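The values are calculated or read from the model by the stated rules, or taken from the named source; none is laboratory data. In this text the structure is predicted, and so the values were computed from the model without any measurement. Cβ placement follows ideal geometry from the backbone for every residue including glycine, while neighbour counts extend to all protein chains displayed. The accessibility values were calculated without ligands, DNA or RNA, using every heavy atom of the protein model including side chains. Shrake-Rupley method; radii C 1.70, N 1.55, O 1.52, S 1.80 Å.
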Amino acid sequence: TFNGTLWQQLGGEIRVGKNQDADYASLAMLVADGGRVTGPAVPLVAFQETDGFSNKIYVKQWSEMANDWLKLGDQLDIDLSKEAQHPSLRLFGALPFVAWQEEGNTNGDIYVKSFDGTTWDMLGNDDYKTQDSSEPFIATTRDGFTIRALVWQGRDGDGQHVYAKVFDETNGGWSPLPPTGLEPFNTPVKAAENPEMTFGVFGAYVAFVE
């Protein structure tokens, strides 16, 4: 944390296993907003950590009372025998949600879960119609309450591209962005990777490497 003069460490090491490697942290901050979220700002962090066999996805939340980082629910993985990596964490109101990539039977898959205060539940379906999906990045509108969206890189018949979907809060599923169909953002004949997304006054913005 930055106190206006110096950077100071907040708590100790953030990991679950005492002697395991943790990596790829994604940070979010729970803050008071118009009375809808109460209390002081609380940092949360999602990260991947190996159990000695494969990486798992965890989330921890800072506790002033405990003066420590406390685990938020169990690990998020769908298949505990598979490799899970690259978590992306955001808050939708007071509820954290996380996207990550996980090793599939033949290619990589992307999943999204939301925390209900007790457990991590699937957010919508896992129907991302690209081959070998990876590097997910999630975003919300500036107010943190209106829209949740997801971008990722995936392969199809002619290379690696960047795609996006938005969560339909009414129907509870993920819809293509743009709504006309799941289309890549990048130049079709070029490979694209490492997408990120944000929302501004005039809509959504996506950045990626091509």
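Examine the range 81-91 for a residue that is in a strand (DSSP E or B), among the charged types (D, E, K, R) and open to solvent by 20 Å² or more (accessible area, probe 1.4 Å), and state whether such a residue exists. Scanning the range 81-91 turns up at least one residue that is in a strand (DSSP E or B), among the charged types (D, E, K, R) and open to solvent by 20 Å² or more (accessible area, probe 1.4 Å). Within the range 92-110, the set of residues being surrounded by 21 or more Cβ atoms within 10 Å (Cβ to Cβ) and over 17 Å from LYS56 (Cα atoms) comprises just one member, PRO96.
If you go through the range 85-102 and pick out every residue that is in contact (Cβ under 8 Å) with a residue 24 or more places away in the chain and over 12 Å from the mean Cα position of the chain (by Cα), you end up with 3.
The condition (being within 22 Å of PRO176 (Cα to Cα), of a type in the set (D, E, K, R) and open to solvent by less than 30 Å² (accessible area, probe 1.4 Å)) is satisfied by just one residue among LYS56, LYS60, LYS113: LYS113. Looking only at residues in the range 146-170 that are under 19 Å from ASN125 (Cα atoms) and in a loop (DSSP other than H, G, I, E, B), the one that is least open to solvent (accessible area, probe 1.4 Å) is ILE147.
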